[in-house]
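Bear in mind that the values in this text are calculations on the coordinates, not laboratory data. This structure is a prediction, so every number in the text was calculated from the model and none was measured. Glycine gets a Cβ as well: all are built from the backbone with ideal geometry, and neighbour counts include every protein chain shown.
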Amino acid sequence: MSSSSQKLQSVEKTTGLHVGEIEPGVKKVDPIITIDKVHRQFGGLTAVDVDHLEIPRGVITALIGPNGAGKTTLFNLLTGFDKPDTGEWTFDGDNIAGVPAYKLAQKGQVRTFQLTKALGLLTVLENMKLGAKHQTGERFLSSLFPFIWKKQDDEIAEKAMGLLKKFKLDAKKDDFAASLSGGQRKLLEMARALMSDPELVMLDEPMAGVNPALTQSLLDHILDLKKEGMTVLFVEHDMHMVSHIADWVVVLAEGRVVAEGPPDVVMKNPAVIDAYLGSHQDVDLGAVTGRIPKVSE
Amino acid sequence: MDWGSILSNTAQQLLSPATMAFALAALGLAIHFGFAGLLNMGIAGFMAVGAYGYAISILTFGFPWWAAALVGIFASVILAIIMGIPTLRLRGDYLAIVTIAGAEILRLLFLTTANQEITGSADGLFGYHASFRAANPFPEGTYGFGPWTYNEVEFWVLILGLILLGLAVLFVWRLINSPWGRVIKGIREDEDAVRALGKNVFSYKMQALIIGGVIAAIGGIVYALPSAVNPNVYVTSLTFFVWTALLLGGAATVFGPLLGAIIFWVLQAFLSNVLPALVSSGIMPFVTATQAATLRYVLVGVGLVLLVVFRPQGILGDKRELTFVK
């Protein structure tokens, strides 16, 4: 592990993203997403209750928090897959509250899913082609006449092959996506998302269930996205990776933003240690939850 | 046993209007289920609006046959929209429930005596052939050879049916092998993933429902062209027979529905001829001749079960699809 942790330190971080003192809801120099008073309730459970949050542009932001903190719900709200009870949020300055998911994707905000959604009985190449935007051949009437869309389709295929090569999936282009391993599907989903030339890439637990070697290459791909000028927002549990690649970390707990800031600052925040990292590592878990009376007392 | 007549009757079925109608209906269902993943259990309803739209337009409103056919097609578009708007936003199973109910409601509307003037109630509709036969380009006479010998009217139905079937197959083949087809196949696999890639999933599902419904309605019209329209035809078991034909040939293929419909009807014709013959010649003494004729439906059911268990992708389906059961 020593060599890999040395490598981990070598990533250059972007700093100076915020304006004023670091606190939950701090203003950013150049926010791509701003969220105001977004509230989502499932029955009696408040899943998301974010007062104000800004996601900085052009950098990698990690969204962390304990299970049930509302990370995926917030993701679903931002991407139009779920509707909040109240609240407003903007993308690139446009108000996008209530805009359906497919329109947000067309605006340049693309997401992946925690449970990978590779389209099993489509080939890897077809999966990739599906990611491209503004396809003439996807309109019903023009789809009947190949001469209208063939040229564009070939260009899309060429672009797809370029991306597949980068993600080392080019040899599998004619295989069904269902035949890929779990990790390869994660790669495919990410590559497919990139086919639309997004401005903002939202990754929901990109590393879950991926072996260490593949994790390293996934991390490199995420860092590449930043290098190419894209904004990345991702949900992750592994603090090691978060501190490795994220420029900014937002911590959710019980639906609220409890802390945010550069990774090294956030990790030392007592609220974060309390809510997520855990201050009771040395105490019996039963005692922490209060279900089992402490033996020593 | 008269093998000559058994085989001749069987061979006739190969090019019968029923076979072509089933092939068209199964092709429409292939768009719905095989490519877009829409579980339409009311394909009989789409065939019924096609057939009734055609017959009512001629009998009640005096339309020429081609305009009547367009009315039948238009009616299926309306039916698809009515069924789709409330259900396409829901999970697939709900569409199955709504479509099966929708088809039954339609059948009962056609059956009820309240509309007898227009729909003919239980007697159905007949005697609407004048305009169609007047348009027959073939002069009086006999056409074809062997078991496939037709008079000029039957031949006109056959040729028109084949042309429509050919056009429908070409149309679907083009559609499926285009980026449009890629999107609806993606929706079949996982509609949220396709939504996340910026496609208007609801619109694509609606388009698929309409296109498949129109092709099924054309099937209904071809079914009605030579004979009559009877509400007892458009029952739920018709839906299941079309499903059988589709699954037999391969749900996610273009030529599968065609092959499935042919096999289904040729086999039906063969069994309905050979089973009673077996009884009368004393080979199957344990059933009566009438029972033997119905036995074919039992065999079709058994065949469908075996097919779904052992070859779920159908005869023409991609073998690789078997490997990845979701």
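Assorted remarks:
- Kirkwood-based shape ratio for segment A:119-179, expressed as Rg/Rh from alpha carbons: 1.01
- Cα-based Rg and Dmax for segment B:1-130, where Dmax is the largest Cα-Cα distance (Å): 17.3, 56
- Sequence-distant contacts, meaning Cα pairs under 8 Å at least 6 residues apart, place the relative contact order of segment A:189-237 at 53 percent.
- For the residue pairs A:107/A:151; A:37/A:107; A:37/A:83, alpha carbon separations beyond 20 Å are given by A:107/A:151; A:37/A:107.
- Sequence-distant residues sharing a close amide H with residue A:41 (under 5 Å, placed H): A:47, A:85
- Euclidean distance between Cα centres, segment B:127-204 to segment A:192-224, Å: 44
- Student exercise, the protein assembly as shown dipole from Lys, Arg, Asp, Glu Cβ charges, in Debye to nearest 20: 1060
- For chain A: relative contact order, % (alpha-carbon pairs under 8 angstrom, 6 or more apart): 24
- ³J(HN,Hα), Karplus 6.51/-1.76/1.60, whole Hz, each residue of segment B:181-191, x for Gly, Pro: x, 4, 5, 5, 5, x, 4, 4, 6, 6, 6
- Derived scalar couplings ³J(HN,Hα) [segment A:249-257; Karplus, 6.51 cos²θ - 1.76 cosθ + 1.60; whole Hz; x for Gly, Pro]: 10, 10, 10, 9, 8, 6, x, 10, 7
- Across segment B:3-234, Cα-Cα pairs farther apart than 29 Å form 33% of the total.
- Shape box of segment A:21-143 [Cα atoms, principal axes, largest first, Å]: 52, 33, 25
- Under-5 Å amide H pairs with residue A:18, H placed in peptide plane, nonlocal only: A:29
- Choice from B:75, B:48, B:277 showing the highest fluctuation, given a GNM over chain B with Cα pairs closer than 10 Å: B:277
- When both bridge partners sit in the protein assembly as shown, DSSP labels roughly 65% of those beta bridges antiparallel.
- Dividing the summed helix terms, -39500 (n - 2.57) for each DSSP H run of n ≥ 4, by the number of residues in the protein assembly as shown produces a 222 nm estimate of -16500 deg cm²/dmol to the nearest 500.
- From the alpha carbon centroid of segment B:31-87 to that of segment A:64-89 is 42 Å.
- In terms of distances greater than 18 angstrom between alpha carbons, the cross-link table entries A:129/A:172; A:186/B:199; A:129/A:159; A:103/B:199; A:129/A:173; A:165/A:186 yield A:186/B:199.
- Gap separating the Cα centres of segment A:22-60 and segment B:254-309, nearest whole Å: 65
- FRET efficiency, residue A:148 to residue A:224 (Cβ-Cβ, R0 30 Å, nearest 0.05): 0.30
- Relative contact order [Cα under 8 Å, 6+ residues apart], segment B:3-234, whole percent: 41
- Relative intensity, log₁₀ I(q)/I(0), of the protein assembly as shown from a Debye sum that treats every alpha carbon as a point, q = 0.07, 0.09, 0.10 Å⁻¹: -0.58, -0.82, -0.94
- Antiparallel %, DSSP beta bridges [both residues in chain A], to 5: 60
- Close amide H pairs (under 5 Å, H built 1.01 Å from N) link residue A:97 with A:89, residues at least 5 positions away or on another chain.
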